[in-house]
Structures are given as structure tokens and as C-alpha cells.
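Undergrad: Dropping a structure here in C-alpha cells format, bear with me for questions.
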């Protein structure tokens with residue numbers, strides 16, 4: 001479960017940025033490091049947001065992107 005200190009709109013924005021970074025060719029680890037620094041969140045919190053976004057297919061995801069991200073974990 002994602003952190004309760006971040007509202008759903010903030011979590012969705014973080015998830016969107018994470019997907020955009022990974023789609024741009026940045027490695028998964030580098031994209032996560034960049035998100036953590038930009039948003040001031042810890043690894044476990046980012047993982048919870050990523051899981052929530054994948055589970056709920058938050059934008060910009062479609063079926064192909066969910067499969068790709070799930071395999072990258």
C-alpha cells in the first residue's frame with residue numbers, strides 16, 4: 001500500500017514521471033534514483049507507488065506497458 005502522506009494525485013504524478021523516464025531509455029535503477037531525489041521519497045515508498053500504479057493501470061499505461069514494467073522489476 002502506498003504512503004498515506006502522499007495523496008493519490010501526487011502518487012499518480014510520481015508514477016507517470018517514473019514511466020516517462022523509463023520510456024526515455026533511462027535504466028530502471030537510474031529512473032528510480034532520480035524520482036527519489038526529485039520527490040524526496042524512500043525506495044519502499046516508491047516501490048509501493050509503482051505497485052499501486054501497475055495494479056490500477058494508471059496513465060500512461062496500457063496492457064503492453066504493464067507487462068513491460070512488471071518484467072523489469
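Undergrad: According to a simple spin-label model (label point 7 Å from Cα along Cα-to-Cβ), what is the distance in nm between residue 16 and residue 34?
TA: Distance between the two pseudo-spin positions: 1.7 nm.
Undergrad: Sort 46-54, 20-28 for me by packing, meaning the mean count of neighbouring Cβ atoms within 10 Å per residue, highest on top.
TA: Working: 46-54: 19.2, 20-28: 13.1.
Per-residue mean Cβ counts within 10 Å order the peptides as 46-54, 20-28.
We did not get these values from a lab; they are worked out from the coordinates using the rules stated. Predicted, not measured: the structure shown is a model, and the values here were computed from it. Glycine gets a Cβ as well: all are built from the backbone with ideal geometry, and neighbour counts include every protein chain shown.
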